[in-house]
Amino acid sequence: MRRWQSDRILFGGDYNPEQWPEEVWAEDVELMRRAGVNLVSVGIFSWALLEPAPGRYEFGWLDRVLDLLHDGGVDVDLATATASPPPWLARAHPETLPRRADGTVLWPGGRQAYCPSSPIFRERALALVEAVAGRYADHPAVVLWHVSNELGCHNAHCYCDVSAEAFRAWLRDRYGDLDGLNAAWGTAFWSQRYGDWAEINPPRTAPTFANPTQQLDFLRFSSDEQRAQLRAERDLLHRLVRQPVTTNFMIGTGVKALDYHSWVDDVDVVANDHYLTAADPRAHVGLALSADHTRGVARGEPWLLMEHSTSAVNWQPRNVAKTPGQLRRNSLAHVARGADGVLFFQWRASRAGAEKFHSALVPHAGPDTKVYREVCRLGADLAALAEVRGSRVDAEVAILFDYEAWWGVELDSHPSVDVTYLDRLRALHDSLWRANVTADVVHPSTDLSGYRLVLVPTLYLVRDADVAALHRFVAAGGSALVTYFSGIVDEHDHVRLGGYPGAFRELLGVRTEEFFPLREGERVRLDDGATADVWTEWLHADGADVLAAYADGPLPGVAAVTRHAVGEGAAWYVGTRLDEPATDALVARLLAEAGVRPATTAPPGVEVVRRRDGDRSWLFVLNHTADEARLAAAGVELLTGTTCAGELVVPAGEVAVVREDGTVAA
Ligand code: GAL
């Protein structure tokens, strides 16, 4: 890996000059300078212009764009331009088009219409990368390379014959022989035994539930295929250019198909795209979760926010615009949680095409607008925050996250459709957010020794080694909380026998003999006054203390929340879906037991996060409320230059960043 280094916080966005006549470009650069833009991503969807016919490259326009940007002092994150193949590829090679599980062909005319396993696509894409990298390796504007764009956004799962062949090769590699595959897939069931590799296909639309391990392996394979494209382009770039290489991940907006924890070593710096769900009144908490997860994927290193929006997007049912100040709060919330760059989609709002109603840094109405003025203010803010760059985010809590567990738990024919992977993750993270406690969202194989508390939401599929590591963490004095439907299966999606929650039984000191999922809308009460829904289970304490039991519902008197003392620490289990106040109360008890304190105490709705670099620290305070907030903080407020001696006042909707001068407020 090459290390990413920059002496400033990056600021800019996707720049698509090919959508505009050249007269506009000079104005673009002038407006970028005024806003303090220092990095733009160029060429993301330019394949059809750069290679208008097979093997015929036209770089003149890109030469002029890069020179103009360089003369204007704007650096470039240059795309390999492979995100969307030109129409000529599908015409010459229809077998490069992806297919859905039911055989539907996905045609060109949108974007990303290629089969991720297509050797023809790969060959043409790498030829383009070679041409682009060869031409611009030494261009002084280029400081970063951008592989493809959101790999797998629209074509993550392809079920065509080319993919089937690649899937078989991937399975041979994983299992060696058919006996291994038949055992792992449990093909003794429903007459599914395979006698020849050629009989195996992707889990195409079938009369009923497809084999769950086949589905799980296909999800693994599909993530690996996208990753293979990243690695192929990255390897070629590493041979041809000296700048670092990245691609934009989609962590935290519900994208499930790509196992980013396994991709992190394939990029020189982690970059992420995040878009708010406008209909969600707590979208800013979802933003925090995305950022905490991106930082977890980046193993705590600073990362880049490669895309978000200045205001509305175009692809939700109702594309709500950002209110004044929201752009700034959203951007600085990412910086608070470890981003060293804030970029947007896109520089200038398009006149034509499917994204013409997507916001941009320069809206259709031009620069005399709320959006462009806020963009300029943000540019000044980020310049004032330059010293924060490279620092780390303080976090004493880890939340374990595994894409494979997500894939597994949401397979079909399970006890309840209401058990979904993100539900408890979001609930626990939300409780921590309200408590102003920052958590890293990390893979279960992460070294946990630096944390005080580990939360384990719905880790349905878990490996033995990760369970053992969690056990060691608790025995050494840590606290852990495991939620229901965790530890149920091994990596082949085979049930761990002897009682649930399987892999975690010993650590938690409990044994469940039967699940009792609740009916839609059904609620139960606990004997401590809490309410819960979705899930209950016939749980026996087997060494653990019972903290709360059901007062009604199908299992009156049965344990719902337990705590098991293990070595120097404790492992807690919650066997039902607690309501929000009960979740907050449980999290508060865990934080107290683990000795975790908030970044500082703040009024509700005021978000506080600390970044630190050795002895230096910075407190980010984001006021999401309609009232002025006052809280304890001492130091210099970087955005206003004022000193706060003990008390910081943050107006409604505003953000403050305090250099704490060695003093720690909490
Ligand atoms: C991203 C994509 C961009 C643009 C944006 C719109 O998924 O990378 O190219 O489409 O969404 O929100």
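None of the figures in this text is laboratory data; all of them are computed from the coordinates on show. This is a predicted model, so every value here is computed, not measured. Virtual Cβ from ideal backbone geometry, glycine too; neighbours counted across all protein chains shown.
Structure summary
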| read-out | value |
| --- | --- |
| Positive-end residue of GLY605, TRP618, TRP535, charge dipole of the stretch 527-666 with Cβ unit charges | TRP618 |
| Size-normalised alpha-carbon gyration radius of the stretch 337-412, reference 2.2 N^0.38 Å | 1.67 |
| The stretch 274-350-the stretch 12-55 distance, computed between alpha-carbon centres (Å) | 22 Å |
| Distance histogram for the stretch 406-491 (every C-alpha pair counted, 5 angstrom bins, percent rounded to whole numbers) | 3, 13, 24, 24, 19, 12, 5, 1 |
| 25 Å tail of the calculated P(r), the stretch 4-137, as % of Cα pairs | 36 percent |
| Rg(Cα)/(2.2 N^0.38 Å) for the chain, N = residue count | 0.99 |
| Rg/Rh for the stretch 108-218, where both radii come from Cα atoms and Rh is the Kirkwood radius | 1.12 |
| Net charge of neighbours whose Cβ lies under 15 Å from the Cβ of PRO581, counting Lys and Arg as +1 and Asp and Glu as -1 | -1 |
| Approximate shape of the stretch 230-326 as ellipsoid semi-axes (Cα gyration tensor, √5λ), whole Å, largest first | 29, 14, 12 |
| Ratio of the Cα radius of gyration of the stretch 132-189 to 2.2 N^0.38 Å, where N counts its residues | 1.92 |
| For the chain, calculated [θ]222 nm from helices alone, where every DSSP H run of n ≥ 4 adds -39500 (n - 2.57) | -9500 deg cm²/dmol |
| Cβ-based exposure ranking for GLU23, GLU199, in which fewest neighbours within 10 Å come first | GLU23, GLU199 |
| Kirkwood Rh (inverse of mean 1/r, distinct Cα pairs), the stretch 1-64, angstrom | 13.8 Å |
| Cα-centred dipole magnitude for the stretch 310-357, charges only on beta-carbon of K, R (+1) and D, E (-1), debye, nearest 20 | 160 debye |
| Farthest toward positive dipole pole in the stretch 75-144 [+1 Lys/Arg, -1 Asp/Glu at C-beta], among LEU128, GLY109, LEU78 | GLY109 |
| Whole-Å semi-axes of the ellipsoid equivalent to the stretch 491-567 (Cα gyration tensor, √5λ, descending) | 22, 17, 9 |
| Under 9 Å, Cβ to Cβ, from ALA549 - net charge with Lys/Arg +1 and Asp/Glu -1 | -2 |
| Order of MET250, MET306, MET32 - criterion: other Cβ atoms within 10 Å of each residue's Cβ, fewest first | MET250, MET32, MET306 |
| Charge context of PHE620, other residues only, Cβ under 9 angstrom, K/R +1, D/E -1 | +2 |
| Mean projected area (nm²) of the alpha-carbon convex hull when the stretch 478-529 is viewed from all directions | 5.5 nm² |
| From the C-alpha gyration tensor of the stretch 516-666, square roots of 5λ in Å | 42, 19, 10 |
| nm² value of the averaged projected area, convex hull over the Cα atoms of the stretch 172-313 | 12.5 nm² |
| Considering only the stretch 2-108, percent of DSSP beta bridges that pair antiparallel, nearest 5 | 20 percent |
| The chain: antiparallel DSSP beta bridges as a percent of all, rounded to 5 | 55 percent |
| Net charge dipole size for the chain [Lys, Arg +1 and Asp, Glu -1 on Cβ; Debye, nearest 20] | 740 debye |
| Cα gyration tensor, the stretch 202-257 - rounded (a/c under 1.5), prolate or oblate | prolate |
| Computed magnitude of the charge dipole of the stretch 136-241 (debye, nearest 20; Cβ of K, R +1, Cβ of D, E -1) | 160 debye |
